[in-house]
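Asks: Questions regarding the structure given below will be posed in turn.
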There are 2 protein chains.
Amino acid sequence: MASPKTIALDAMGGDHGPQVVIPGAALSLERHPALSFIFFGDESRINAVLDQHAALKAKSRVVHTSNVVSMHDKPSQALRRGKGSSMWLTLEAVKSGEAHAAVSAGNTGALMAMAKVILRPLAGIERPALAALWPTVRSECIVLDVGANIGATARKLSELALMGAAMARAIFHIEKPTVGLLNVGVEDIKGVEEVRQAHAWLKGVADLPFDYKGFVEGDQIGHGAADVVVVEGFAGNIALKTAEGTARQIGVYLKGAMTSSLLTKFGALLARGGFRVLKAKMDPRRVNGGTFLGLKGIAVKSHGGTDAFGFASAVDLAYEMADSGLIGRLTADLDTFHHKIEQVASKPEATSAERAG
Amino acid sequence: MASPKTIALDAMGGDHGPQVVIPGAALSLERHPALSFIFFGDESRINAVLDQHAALKAKSRVVHTSNVVSMHDKPSQALRRGKGSSMWLTLEAVKSGEAHAAVSAGNTGALMAMAKVILRPLAGIERPALAALWPTVRSECIVLDVGANIGATARKLSELALMGAAMARAIFHIEKPTVGLLNVGVEDIKGVEEVRQAHAWLKGVADLPFDYKGFVEGDQIGHGAADVVVVEGFAGNIALKTAEGTARQIGVYLKGAMTSSLLTKFGALLARGGFRVLKAKMDPRRVNGGTFLGLKGIAVKSHGGTDAFGFASAVDLAYEMADSGLIGRLTADLDTFHHKIEQVASKPEATSAERAG
């Protein structure tokens with residue numbers, strides 16, 4: 001049976017605040033009755049919406065604060081002025097043990113900075129990574145980093161592999177997930193030195209808690225080539241947004257094509273069940289929620305502009321990660337991994353042989 | 001009237017050699033009767049196919065060589081062993097003035113290395129860039145670099161902007177194209193130092209031959225946010241391949257959705273005209289052809305696995321670039337640009353102010 005879990009929610013985050021956060025929580029509660037919630041934010045605005053959701057209200061507690069982090073605050077401003085804000089208190093509830101995970105649709109940079117200060121990085125992790133769920137023709141994969149950090153050393157890329165694998169075990173329930181390193185292909189340019197170095201290390205370490213598949217190219221992500229795709233944050237963010245943009249672009253083409261004549265309109269009407277299937281598949285709200293990995297607590301970032309359906313996906317993700325004991329597993333994996341990497345990284349001849357190959 | 005132009009073709013390049021190159025040239029000749037061709041490669045294999053295309057044969061010359069660059073050769077191997085190969089001779093025909101542009105579907109790294117050695121970079125350009133055409137909801141845009149160079153300084157990014165703009169003027173016939181710098185957004189992380197520096201410079205230079213639009217995010221490329229999108233080659237290659245992969249992925253979803261019931265199958269049958277429109281829009285062969293920019297001659301790289309229709313797109317592109325006087329314009333623009341950039345780059349106070357903003 002699922003164990004009871006409490007999720008802390010920043011009720012003021014995102015474009016719509018309580019109007020989306022509360023109905024989103026209600027949707028997630030229907031799917032996960034073991035959940036309970038703490039909402040942080042403007043008490044009167046929260047209660048006004050919560051009163052319309054009796055089942056949710058019975059499982060919820062509200063903590064008032066009038067301090068809210070703006071979408072325009074820089075991370076440094078948010079840290080200076082944001083103490084006691086709804087975002088801050090949401091994260092502190094995880095730190096204090098009152099909640100098992102935090103979800104906010106607020107300012108990404110502020111959330112990242114606060115999460116790092118409040119939840120603290122795991123031993124050996126300098127900065128947390130942002131991981132995204134990415135739909136594939138098979139099911140879903142995890143891509144990280146999608147923008148928390150620009151650039152990554154070979155060691156950081158190796159850590160991303162390990163953290164992504166721990167997340168895959170937690171939410172996909174695969175004991176030994178496959179992991180690929182995103183690169184620009186093998187034929188002409190073999191990528192940056194850091195990527196090749198991480199490749200050599202990951203191939204060289206025995207008994208990793210994942211199945212390292214080698215390099216993966218951009219077109220292989222959606223094909224489902226690996227459960228986890230590792231990339232530094234600049235290229236990772238661009239890849240994620242490019243995929244989102246391409247999906248929208250094809251949606252525009254499809255709409256144009258299906259309304260190009262009376263006959264196509266009639267055919268599309270008959271086939272509307274199929275278009276519903278397609279729309280559900282392509283719905284970005286299904287995989288809403290970026291996760292900060294590498295912290296001593298679970299913090300999920302929802303898209304700021306999403307609706308209740310999308311916010312519920314972010315809450316589901318937070319629940320699944322809390323329920324799977326991700327943090328404990330991640331801590332243990334990182335301890336072992338750092339040890340193993342030290343061994344491989346201290347053998348320069350293995351690396352040189354790799355480079356020549 | 002279109003002026004006569006000769007295109008040199010590496011008949012042995014790509015997965016299918018003359019079987020695709022020659023029918024591709026024939027298709028392009030139908031669209032551009034002012035074209036003539038020189039085919040380089042195995043004479044007997046070329047003539048066997050050319051004999052089936054009388055109109056093309058009348059406008060073609062065949063130069064025999066038995067030396068072929070393999071898809072698996074590293075650039076350094078290709079340079080050592082590839083003298084006199086079909087790829088080499090194709091590029092030399094441009095250098096000698098016999099041809100106005102070269103097209104090859106062969107090994108990208110080898111083509112890049114040979115093009116640099118034979119055609120030589122323009123003054124001030126260290127390494128050429130690879131530019132791709134990218135379909136948008138409006139029409140098309142140019143994205144560069146898509147993999148010729150990993151990483152780019154602010155100066156290199158500024159050059160890419162100028163080269164992309166010159167190409168846009170040549171093939172889109174827009175006098176002052178819009179240019180954007182690909183970045184990871186403004187909200188949380190403002191990107192790498194080189195990108196911000198290039199941004200400051202491009203904003204600071206008066207009378208550029210393009211309209212600088214500032215930062216563009218990955219999802220804005222296909223939206224048509226700019227005629228030219230500038231990015232260093234690692235992220236650019238990943239973006240391009242991710243978009244291709246996403247388009248294929250949605251094709252798989254669409255097929256699955258339209259065959260999910262008898263009714264959707266029947267509806268899709270009635271709407272097949274619309275699906276044909278969609279397929280044409282999404283056809284990657286329409287925009288097949290990466291161009292090396294920054295050389296003293298025109299060299300176009302076709303996808304190795306394309307068919308005659310796709311190869312013809314690459315030949316069309318080579319023709320349009322040759323016909324537009326791209327190289328002369330690019331040379332002049334680069335001369336002026338380097339001068340202007342020197343002026344802006346030598347004002348450190350302008351840059352610091354920018355950084356603080």
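Quick note: the coordinates plus some simple rules give every number you see, no bench work behind them. Since this is a predicted model, take the numbers as computed values, not measurements. All Cβ positions, glycine included, derive from the backbone under ideal geometry; neighbour counts span all protein chains shown.
Asks: What average count of beta carbons from other chains do you get within 10 Å of the Cβ of residues in A:257-267?
Replies: The mean count of partner-chain Cβ atoms within 10 Å per residue comes to 6.
Asks: So, one more: Calculate, in nm to one decimal, what A:Val117 and A:Ala58 gain on full extension: separation in residues at 0.36 nm each, minus their alpha carbon distance. Before the final figure, lay out each step's value.
Replies: Details: separation 59, 0.36 × 59 = 21.24 nm, distance 3.21 nm.
Here the segment from A:Val117 to A:Ala58 would lengthen by 18.0 nm.
Asks: For region A:75-147, calculate the relative contact order in percent as a whole number, restricting contacts to Cα pairs under 8 Å that are 6 or more residues apart.
Replies: On the way: 68 pairs, mean separation 17.6, N = 73.
Reported relative contact order: 24 percent.
Asks: Tell me, what is the percent relative contact order of chain A, built from C-alpha pairs under 8 Å that lie six or more residues apart?
Replies: About 23 percent, as a whole number.
Asks: Based on the Cβ-Cβ distance of A:Ser261 and B:Lys83, what FRET efficiency does E = 1/(1 + (r/R0)^6) give at R0 = 51 Å, to the nearest 0.05?
Replies: The calculated FRET efficiency here is 0.35.
Asks: Moving on to the next point. Going Cα to Cα from B:Lys59, which lysines come in below 17 Å? Please leave out same-chain ones fewer than 8 positions away.
Replies: List returned: B:Lys5.
Asks: Pairs B:Lys241/B:Lys265; A:Lys255/B:Lys281; A:Lys265/B:Lys255; A:Lys279/B:Lys281; A:Lys95/A:Lys340; A:Lys265/B:Lys281: which exceed 22 Å Cα-Cα?
Replies: B:Lys241/B:Lys265; A:Lys95/A:Lys340
Asks: Between B:Ser139 and B:Ser76, what is the FRET efficiency for a Förster distance of 35 Å, r being their Cβ-Cβ separation, to the nearest 0.05? Display every interim value, and only then the final one.
Replies: Details: r = 39 Å, r/R0 = 1.12.
Between B:Ser139 and B:Ser76 the formula returns 0.35.
Asks: What distance in nm lies between label points placed 7 Å from Cα along the C-beta direction at B:Arg127 and B:Phe309?
Replies: The modelled label-to-label distance comes out at 3.5 nm.
Asks: Label position 7 Å from Cα toward Cβ: report the copy-to-copy distances for B:Glu244 in nm, one decimal, ordered from shortest.
Replies: With the label placed 7 Å along Cα→Cβ, B:Glu244 yields 2.4 nm.
Asks: If you don't mind, another one. Based only on Cα atoms, what Rg/Rh ratio does region A:79-236 have, Rh being taken as Kirkwood's radius?
Replies: 1.00
Asks: Using helices alone, I'd like the mean residue ellipticity at 222 nm for chain A: each DSSP H run of four-plus residues gives -39500 (n - 2.57), total over residue count, nearest 500.
Replies: The helix-only estimate for chain A comes to -16000 deg cm²/dmol at 222 nm.
Asks: Among A:Ala198, A:Ala318, A:Ala165, determine the one that fluctuates most according to a GNM of chain A built with springs between C-alpha atoms less than 10 Å apart.
Replies: Comparing A:Ala198, A:Ala318, A:Ala165 in the GNM, the peak value goes to A:Ala198.
Asks: Taking the square root of 5 times each eigenvalue of the Cα gyration tensor, what semi-axes in Å does the equivalent ellipsoid of chain B have, largest first?
Replies: On the way: eigenvalues 234, 163, 62 Å².
Working from the Cα gyration tensor, I get semi-axes of 34, 29, 18 Å.
Asks: Once every Cα of region A:1-156 carries one equal point scatterer and solvent is ignored, give the base-10 log of I(q)/I(0) from the Debye formula at q = 0.11, 0.21 Å⁻¹, two decimals.
Replies: Values returned for q = 0.11, 0.21 Å⁻¹ are -0.48, -1.36.
Asks: For a quick check: sort A:Tyr253, A:Tyr319 by the number of other beta carbons within 10 angstrom, fewest at the front.
Replies: In order of increasing Cβ crowding within 10 Å: A:Tyr253, A:Tyr319.
Asks: Could I ask something else about it? Quick one: Cα convex hull volume of the protein assembly as shown, Å³ per residue?
Replies: Hull volume normalised by residue count: 177 Å³.
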